[in-house]
Amino acid sequence: MGSWLDYTINGLIIGNIYALVAVGLALIFGVSNLINFAQGSVYAVGAYIGWTCFTYLHTPLAVTALIVVVACAGLGVAIERIGLRPLAGAARIAPLLATIGISLVLDQLLQIVFTPDPRALTSPLPNWRISVGGGTIGALDLLIAATGIVSAAVLYGFLRFTKLGWAVRATAQDRDAARQMGVNTDAVNMTVFAIASALGGLSGLLVGMYFNHIDPAMGFQATLKGVVAQVIGGMGNVPGAIFGSLLLGLTESYGVAIFGSSYRNLFSFALLLLILVLRPNGLFASARSTPPEPMTGSFVTPNRPVRVPRWAIVAAVVIAAAVPLIPAIPYVLQVLTNAWLFAMLAISLTLVAGTLGQISLGHASLLLIGAYASALFALDSHWPVWASIPAAGIVTALLGTALIAPSFRLRSHYVSIATLGIGEIVGLVILNWESLTRGPMGVTNIPPLQVGNIELDNPRAAYWITLGILVLLAMMQTRLLRSHLGRIFRAIRDDDVAARAHGISLGRYKAIAFAFGGFAAGISGGIAAHQYSYINNETFTSTVSISALTMVILGGMGNVLGAILGAVALTALPEMFRGTAEYRMLIYGVALLLLVRFRPQGILGTT
Amino acid sequence: MTDLLECRAVTRRFGGVIAVKPIDLTLREGEFLSIIGPNGAGKTTLFNLISGHDVPDDGTIVLEGVAIAGRAPERIAAMGLARTFQHGRVFANMSVRDNILVGAHHRLRAVKPRLPGLGALAELAMALIRPPAVAAEEAALNHEVLEIAALFGDRLTPRLDQPAHSLSYANRRRVEIARALALRPRLLLLDEPTAGMNETETAEMQSIIGGLKARGQTILLIEHKLDLVMRLSDRVIAMDDGAKIAEGPPHTVRQSPAVIEAYLGHRAMGEAAL
Ligand SMILES: Nc1ncnc2c1ncn2[C@@H]1O[C@H](COP(=O)(O)OP(=O)(O)OP(=O)(O)O)[C@@H](O)[C@H]1O
Ligand SMILES: [Mg+2]
């Protein structure tokens, strides 16, 4: 029984930490309808600032915490200035994409400055523990609990009793009305970002001390957890976020107690999807909410897409096909082959995110499904590779669509959250379903590409096959876009309410688009598995999803040719200039930021 | 004549506000019925209930003998009900042609083979293969788009390939009506089709809607411009504060004391309309 108490205390402590992140997210969502994907990065920055203070300045905890709070508040103000304010008139999803860009930049800077290796953030607090009932509580636990309670009280006092707090609440309730009444909404946004980031940074410091472990990747997980907590409590609902965080902490803690620690995240994301499907407005929203405002989550700017003449496309394909004939270094072929694989993922994503307007943040999970499907068909069912890859495409189409289908009725930001959650779930299921996937060991000795008995593991053959399949998929997709389906997908993107009013059933057509996109992504994953010969659950992570999204935006949302161009540009260019490879994600982050701000229609234009 | 649409005691509450108080409404085949009433009277909410975009808290709505309250809008559309939206909802990034073609969605046949369970897959295959029957169907629909666009004089025809976002406000409203017509509706719901139009444009729209009526199109119209309502309607319903306050021939309703009072109660509107 004693250990149950321990698990409860542990769950509440973790929940408390999540709350510090989630409250910030809720405040920001409340006033600006933005999911701040940089929140977790600020949290990581907070942890590293704390580490630096402890290690180099030897400051006491109170001073360190103060430095973290002030520095992170400043960072928050900067994020608002870069990520939100300049995008006032842009698509509603634009600030969200900008904060993803900022988050990539911050995470990468941490990695560059502090190296990717984890570090110990040792708590300077005394090491005693008191026993309560059958469990124990330490000084750090008490500090975390106190921080949570004090922060909540200060926040409550601020919102309730100060003029600025009143302005924040007014803005959250009705932004336009608040502005008409003379509320300076820019100042409100800045305040909210400062508070949110200060809390986030503080949370990072506490978490680092709690686990005695910090690493540059910790931010992303924190954002995810904060978002989950917020969805549970209802987006933008501050008390809801606190409740959601505690519930999430407890769920995870008990889940770990019963099933083991590798299930921790699986529980959070399963909870996320459950809430999204059953009560998308959170546990506290009224059961029957009013129909949502006309608002699409698409990121399509009115523009005239560049018309690329047919001969130019043919010429480009011919040149691409001729590359292996030049006595080039195999390295170039390898990079380009990789670019073609990414291009398959990108055309898949551009269909879903661009043409259909459902911004997926978990597209890399389709690669994982495809890779595992093809590898396991080949290894366990002894299928020839030429059969296992198309089969993987079909499996990915079906499984990917089935996974996303319960979320078809979600819109805008919620689609992005759901796909993010599904993406994480796929990786975690692969990690935990050992009997099928070999678990954390990964799949080794995957046979190389081969047709009949001819092994095609020389770089040239692999290049041609990949390019050929890409061209085929791109042609199919172009044909699809010219059919009535292309029209229907775009109608759903531009205005799903009007689309339904003309007899278009959203579920059916979203399923068709996701299935078609899933097929291309699954093929890409399948080919990759045979080329890499080893895969595990981390071969394609959420970073790949974000990279693909950057490529798609770079090329122009919905634009097949653009997606390929974007994939080549962002895969090959960083490789070509040696030395920039380690800055790749930093480049992606900056590219994403600049694109969203200055050229939302990408290179070739949205279609 | 049979009733095409029959609403009985339809009610919709939003929190404390009763946007539509139990209301009855019938519409016969070929009839032209207008709903008038000051801002916030509940006209659009009633439209939303009929078209399936919102679900009534109470009451029944029967379209051609089928109870439709609570049905999904796409299913109601497939039964032959088309609507336009008060604030305009064209597909901004699509060409005028594609906008109108979307209206014809539920009439697609060749491209949607009836295969139980595999319909979506078959539709995808048809779209990719594009057999002659599918191509012919698209060609026929494209031809029909020209005919529908021609109803609007030379307003839309020269702009068929322009994206809808590049059109003027009035043209976007026309596109929306054209899109609704492409559904070949048994019942057409128009929500303030002349909002934001100047006098010439309004007169033009009046003659277009008059033309539809002359073709025998059943129409349910919401409109603030009473002149147009008086000229076109067979019957008028006046609403205020969610309730029906008058019903009958246009001129009777216009002169009804309740209606005059409702409009005077909302002064600004009254001056504009009466
Ligand atoms: N989704 C909603 N949530 C809450 N209240 C609503 C909603 N939709 C409409 N209402 C309220 O219902 C009432 C009726 O609104 P409705 O739009 O139907 O009026 P209307 O007659 O169409 O007015 P107008 O002539 O201005 O278009 C109004 O008080 C409005 O505020
Ligand atoms: Mg209205």
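Computed from the coordinates by the stated procedures, all read-outs in this text should not be read as laboratory data. It should be emphasised that the depicted structure is a prediction, and the values quoted were computed from it without experimental measurement. In this analysis, Cβ positions are derived from the backbone assuming ideal geometry, glycine residues included, and neighbour counts consider all displayed protein chains.
Annotations
- Using the alpha-carbon positions of the range A:3-278, Rg (one decimal) and Dmax (whole number) come out as 18.2, 57 Å.
- Label zone of A:Ala120 (point 7 Å out along Cα→Cβ, amide N under 18 Å): in the range A:40-55 this covers A:48, A:50-55.
- Rounded to 0.05, the FRET efficiency of the A:Trp311 and A:Glu434 pair, given R0 = 60 Å and the Cβ-Cβ distance, is 0.70.
- The mean count of C-beta atoms from other chains within 10 Å of the C-beta of residues in B:119-129, rounded to a whole number, is 5.
- Calculated translational diffusion coefficient of chain B (10 °C, 1.306 mPa s; Stokes-Einstein with Kirkwood radius over alpha-carbon pairs) equals 81 µm²/s.
- Kirkwood's formula applied to the C-alpha pairs of the protein assembly as shown gives a hydrodynamic radius of 29.6 angstrom.
- Rg over Rh for the range A:454-607 works out to 1.00, both radii taken from alpha-carbon positions and Rh defined as the Kirkwood radius.
- Per-peptide average of other Cβ atoms within 10 Å, ordering A:330-336, A:196-202 highest first: A:196-202, A:330-336
- Ordering of B:62-74, B:108-120 by burial proxy (mean other Cβ atoms within 10 Å per residue, highest first): B:62-74, B:108-120
- For chain A, the longest principal axis of the C-alpha atoms and the axis of helix A:584-598 are separated by about 90°.
- Spin-label pair A:Phe211/A:Val451, simplified geometry with 7 Å Cα→Cβ offset, distance in nm: 4.7
- Once the Cβ-Cβ distance of A:Arg179 and A:His382 is raised to the sixth power relative to R0 = 56 Å, the FRET efficiency obtained is 0.25.
- Helix A:218-233 vs. chain A, principal-axis angle (Cα, 0 to 90°, nearest 10): 70
- Label zone at A:Leu61, where the point sits 7 Å out along the Cα-to-Cβ direction: the range A:212-232 residues whose backbone N lies under 19 Å: A:212-214
- Cα Rg, Dmax, the range A:310-598, angstrom units: 18.3, 58
- Label separation (A:Arg479 vs A:Thr444): 4.3 nm, computed from points 7 Å beyond Cα along the C-beta direction.
- For chain A, the relative contact order is 20 percent, taking Cα pairs closer than 8 Å that sit 6 or more residues apart in sequence and dividing their mean separation by the residue count.
- Counts of other chain beta carbons within 10 angstrom of each beta carbon in peptide B:88-100 average 5.
- The range A:224-286 and the range A:480-534: distance between their alpha carbon centers, rounded to Å: 29
- Ellipsoid semi-axes for the range B:143-274, based on the Cα gyration tensor and the rule √(5λ), read 30, 17, 12 Å when sorted largest first.
- Take each peptide in B:38-47, A:339-348, count the other Cβ atoms within 10 Å of every residue, and average; sorted highest first, the result is A:339-348, B:38-47.
- Label separation (A:Phe598 vs A:Asn458): 4.5 nm, computed from points 7 Å beyond Cα along the C-beta direction.
- Annotation: for a label point projected 7 angstrom from Cα along Cα→Cβ of B:Phe14, residues of the range B:53-76 with backbone N closer than 16 Å are B:53-57.
- Rel. contact order, % - alpha carbon contacts under 8 angstrom, at least six apart, the range B:169-249: 25
- Fully extended contour minus Cα-Cα distance, from B:Ala139 to B:His165, at 0.36 nm per residue: 6.9 nm
- When you restrict to C-alpha pairs under 8 Å that are six or more residues apart and normalise by the size of the range A:310-598, the relative contact order lands at 36 percent.
- Chain A: angle of helix A:484-494 to the longest principal axis, Cα-based, in degrees nearest 10: 20
- Inter-centroid distance (Cα atoms) of the range B:150-181 relative to the range A:121-179, Å: 55
- Inter-chain Cβ neighbour count for A:479-486, averaged per residue, equals 6 (cutoff 10 Å, partner chain atoms only).
- Nearest-0.05 FRET efficiency for A:Ala405 and A:Arg85, computed from C-beta distance (R0 30 Å): 0.20
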